[in-house]
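Chemist: The structure that follows is given in the form of structure tokens.
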Amino acid sequence: MTFLTADVPATIENMKDISSTEDLKDIAETATTDIKTGAFQKWIEGMMPSALSFFWSVVIALIAWFIGVRIIHLVRGIVRRSFIRHEVEEGVRTFVDSLLRIVLYLSLIIVILNIFGFETTSVSAAVASLGVTIGLAMQGSLSNFAGGVLILVLHPFRVGDYIVEDSHGNEGTVQSISIFYTKLVTLDNRVVVIPNGTLANSSLTNVTECDFRMIDLTVGIAYSADLRKAKEILSKLVEEEEGRIADKPSSVFVRELNSSSVDLGYRFYVRMSDYWKIRWDMNEKIKLAFDEAGIEIPFPQLTIHNGDSAE
């Protein structure tokens, strides 16, 4: 009994080995039969039409993309030239060009998806649902888009104007008005990008909207100085300024009596392009003229007394 019990596991293992060997033989015979009958070749031949179809779809899609990009550039060029010919303002040109580029490239992508077998209705439904999702996620961007439309319709400023955005103090010359943002170039040649929604919903100052601008400055003189002489010097400098608009009113007056100075104001109009140069030149001329005439321009002074000098 012990002998028989000891041989049972070995017998089972031998049966497993035989079974595995027979399975391998069956697989080998099946593979040999498939090779002889050309089953593998038939499978490859069955896959060839699908592979060739996909290959030609890729080729046609590449050709469509190449031609489509050329057509988009052509259409944009025609629209830009038409705007220039009809003297449409630059802000409208850049805004419409940006919008047209997005629409045309989106249409080209739909055409290419059609080449790969996607139905137009399915693509349109997907684009519509995607548009709704993006719209909900990008409410701020849509606000900027609406702000850009308002800027182009109402014209609070145009490309080339110098504006000051009051809410954050940004200022500069308007370089471009795109779909979502407006670019300003500052006096020190920095580019400031401001969302259109901010510009449309907040107050701003358009400095260059008018052709002329008033120089309105103040200069202080000491109480001991000759007031009439100081006013005479200022009036003469204003009259002799070559950049002054002669047919616009000018004036020199006492603006305020401060605690340590008599403040004189002077006003006159200049062309917008000459404003800063004339303003800086006038400051220099006034200082030199007052020094020559002995008119003191007061400045803060600190006098220190020694407490031991009371004796």
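Chemist: Can you give me the number of residues within region 77-96 that are closer than 28 Å to residue 141 by Cα and surrounded by fewer than 16 Cβ atoms within 10 Å (Cβ to Cβ)?
Modeler: 4
Chemist: Right, residue 226: farther than 30 Å from residue 87 by Cβ and not basic (Lys, Arg) or not?
Modeler: yes
Chemist: With the structure loaded, tell me whether residue 304 is exposed (fewer than 12 other Cβ atoms within 10 Å of the Cβ) and of a type in the set (A, V, I, L, M, F, W, C) or whether it fails that test.
Modeler: So residue 304 fits the description; yes.
Chemist: Quickly run through region 214-251 and pick out the residues that are under 20 Å from residue 295 (Cβ atoms), of a type in the set (Asp, Glu), touching a strand residue (DSSP E or B) at 6+ places or on another chain (Cβ under 9 Å) and touching a residue at least 12 places away in the same chain (Cβ under 8 Å).
Modeler: 241 - this is the single residue of region 214-251 that is under 20 Å from residue 295 (Cβ atoms), of a type in the set (Asp, Glu), touching a strand residue (DSSP E or B) at 6+ places or on another chain (Cβ under 9 Å) and touching a residue at least 12 places away in the same chain (Cβ under 8 Å).
Chemist: I've got another one for you. In region 259-276, which residue that is out of contact with any strand residue (DSSP E or B) (no Cβ under 7 Å at 6 or more places or on another chain) and touching a residue at least 12 places away in the same chain (Cβ under 8 Å) is surrounded by the most Cβ atoms within 10 Å (Cβ to Cβ)?
Modeler: Only one residue tops the list, namely 274.
Chemist: Looking only at region 117-138, which residues are surrounded by 11 or more Cβ atoms within 10 Å (Cβ to Cβ) and either of a type in the set (A, V, I, L, M) or modelled with pLDDT of 75 or more (or both)?
Modeler: Across region 117-138, the qualifying residues are 123, 125, 126, 127, 134, 138.
Chemist: Test residue 193 against the stated conditions and say whether it is open to solvent by 40 Å² or more (accessible area, probe 1.4 Å) and part of a strand (DSSP E or B).
Modeler: It is true that residue 193 is open to solvent by 40 Å² or more (accessible area, probe 1.4 Å) and part of a strand (DSSP E or B).
Chemist: Take the residues in region 197-211 that are touching a helix residue (DSSP H, G or I) at 6+ places or on another chain (Cβ under 9 Å), among the polar types (S, T, N, Q) and within 20 Å of residue 144 (Cβ to Cβ), then tell me which one is surrounded by the fewest Cβ atoms within 10 Å (Cβ to Cβ).
Modeler: The selected residue is 201.
The values are calculated or read from the model by the stated rules, or taken from the named source; none is laboratory data. As the structure is a computational prediction, the values presented were derived from the model and not from experiment. We place every Cβ from the backbone using ideal geometry, glycine too, and count neighbours over all the protein chains shown. Side chains are part of the model used for accessible areas, which takes the heavy atoms of the whole protein and leaves out ligands, DNA and RNA. Shrake-Rupley method; radii C 1.70, N 1.55, O 1.52, S 1.80 Å.
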